[in-house]
There are 2 protein chains.
Amino acid sequence: MENLRSLFQVMTRRFGLLNKNCCSVGGCDISLIQSHILYEIDNQHNPSMQQIADTLGTDITTFSRQVQSLVKMNLVKKMPDPADKRISILSLTAEGKFIAGSIDQQMNSFLQEVFSQMNEFEKETVIRSIHLLNNAMAKSNACCKPIQG
Amino acid sequence: MENLRSLFQVMTRRFGLLNKNCCSVGGCDISLIQSHILYEIDNQHNPSMQQIADTLGTDITTFSRQVQSLVKMNLVKKMPDPADKRISILSLTAEGKFIAGSIDQQMNSFLQEVFSQMNEFEKETVIRSIHLLNNAMAKSNACCKPIQG
DNA sequence: TATTTTTACTTGCAAAATGCAAGTAATATA
DNA sequence: TATATTACTTGCATTTTGCAAGTAAAAATA
């Protein structure tokens, strides 16, 4: 079989570059990591610091400081969990939501453009394939888990 | 259509984590960026500094220093291009080849494990799909190019 | 209930990574 | 021959990183 890794390496590099060049929103410059943090806060339900840090595979101390700067930028809110005061629940401010949404739009329109190179059948196949992959990776226990085993 | 971005975000995050946790080889600790550099040097034909830096989307000054440390670690060799003495051609040393190969093996065996979750038809479909994607991204001019437009 | 352990996070610090500005040397162009 | 461009390197200041060591709250244990 051909080299699977190089296939993935090329794909993720390209997507990574897309992510990297994406997306300053009206003068508000967001780093790659910050955009990932915004994305995860937006997509998880009342996530704690630890949860997001784990998802992103970031050290909690680094993450703590990243969140601090996002709070200063008024994009993220930190609320103590009423049931457990050790935990900080993260959420996006209105401005944070706007930025996250705007990045999402830009990324999606870039992806639309990529998919526009394909016919309808190919599109569907590719999307179904990525679902398959994501499921397989989720099931696999040797790798790809947020927390290193 | 569903949110394409989150589909890709999940996939590339998982593969990125795999890459990140990969791969210390016999006590020789290689950072994520370094493993990418080794990979690209191994896969391009007599690449120059600038070429690899562009491929990886890394600033040339940062890249220059990364290469310096890889040279110190005796993994990479730098040879002046006989035809143009400004250019440095990069190559792997024997040790560098060994390390790069070893990382490649680890990554591939992880990926094999992921694909083992699928049946033969699914496997082929997924692989074909990634090829399709890579081609589409290569053709697209709005995004995904090594050099920011 | 009192004590210990664990969890969730924060801060100190030192090392590494980053990128702009400013350099050098070689080549291409006018 | 003079000028511009290219390919890289170094200086420096900033940012990012992660381990060690802290705090405070909750859970587990005695």
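The values are calculated or read from the model by the stated rules, or taken from the named source; none is laboratory data. Only a predicted model underlies this, so the values are computations on that prediction, with no experimental measurement involved. Here the Cβ positions follow ideal geometry from the backbone for every residue, glycine too, while neighbour counts run over all protein chains shown. Protein only, heavy atoms only, side chains kept; ligands, DNA and RNA dropped before computing areas. Shrake-Rupley method; radii C 1.70, N 1.55, O 1.52, S 1.80 Å.
Taking the label point as lying 7 angstrom from Cα along the Cα-to-Cβ axis, what are the distances from B:Ile60 to the corresponding position in the remaining copies, in ascending order and in nanometres?
4.4
Over segment B:58-115, give the accessible area per residue in Å² for a 1.4 Å probe, as an integer.
58 Å²
Please list, in chain and number order, the residues 5+ apart from B:Leu92 or on another chain whose amide H is under 5 Å from its amide H, with Hs placed from the backbone.
Amide H to amide H, under 5 Å and 5 or more residues apart or across chains, B:Leu92 pairs with B:Lys77.
Residues of segment B:37-60 losing 40 Å² or more of accessible surface, assembly versus chain alone, probe 1.4 Å, please list them.
Listed in order, they are B:Tyr39.
Using a 1.4 angstrom probe on heavy atoms only, work out the carbon and sulfur share of the accessible area of segment B:1-129 in %.
Carbon with sulfur: 51 percent of the solvent-accessible area.
Roughly how big is the A-B contact, given as buried accessible area in Å² (both sides, 1.4 Å probe, nearest 100)?
Buried surface at the A/B interface: approximately 6300 Å².
Would you mind listing the distances between the B:Ser48 label point and the same position in each other copy? Use 7 Å along Cα-to-C-beta, nm, one decimal, shortest first.
Relative to the other copies, B:Ser48 has label-point distances of 5.3 nm.
Please list 3J(HN,Hα) in residue order for segment A:101-109, calculated via the Karplus relation 6.51 cos²θ - 1.76 cosθ + 1.60 where θ = phi - 60°; whole Hz, with x for glycine and proline.
x, 5, 4, 4, 4, 4, 4, 5, 6
Quick one: with label points 7 Å out along Cα→Cβ, list the inter-copy distances for A:Ile87 in nm, shortest first?
5.8
Quick check on my link table: of A:Lys20/A:Lys97; A:Lys78/B:Lys20; A:Lys72/A:Lys139; A:Lys139/B:Lys97; A:Lys20/B:Lys72, which ones sit more than 26 Å apart, alpha carbon to alpha carbon?
The answer is A:Lys78/B:Lys20; A:Lys72/A:Lys139; A:Lys139/B:Lys97; A:Lys20/B:Lys72.
Report the one residue of A:Leu92, A:Ala138, A:Pro80 whose Cα lies farthest in the direction of the positive end of the charge dipole of the protein assembly as shown (charges on C-beta: Lys and Arg +1, Asp and Glu -1; origin at the Cα centre).
A:Pro80
Using a 10 Å cut-off around each Cβ of peptide B:122-129, what is the average number of partner chain Cβ atoms that fall inside?
6
Treating the beta-carbon of each Lys and Arg as +1 and of each Asp and Glu as -1, no other charges, what is the dipole magnitude of segment B:56-149 about its Cα centre, to the nearest 20 debye?
It comes to approximately 540 debye.
Order A:Thr55, B:Thr62, most accessible first, counting only protein heavy atoms with a 1.4 angstrom probe. Walk me through the numbers before you get to the answer.
Working: A:Thr55 30, B:Thr62 65 Å².
Highest to lowest solvent-accessible surface, that is B:Thr62, A:Thr55.
Rounded to whole Å, how close does chain A get to the rotation axis onto B by Cβ? Give me the residue too, please?
Residue of A nearest the axis onto B, distance in Å: A:Ser129, 2.
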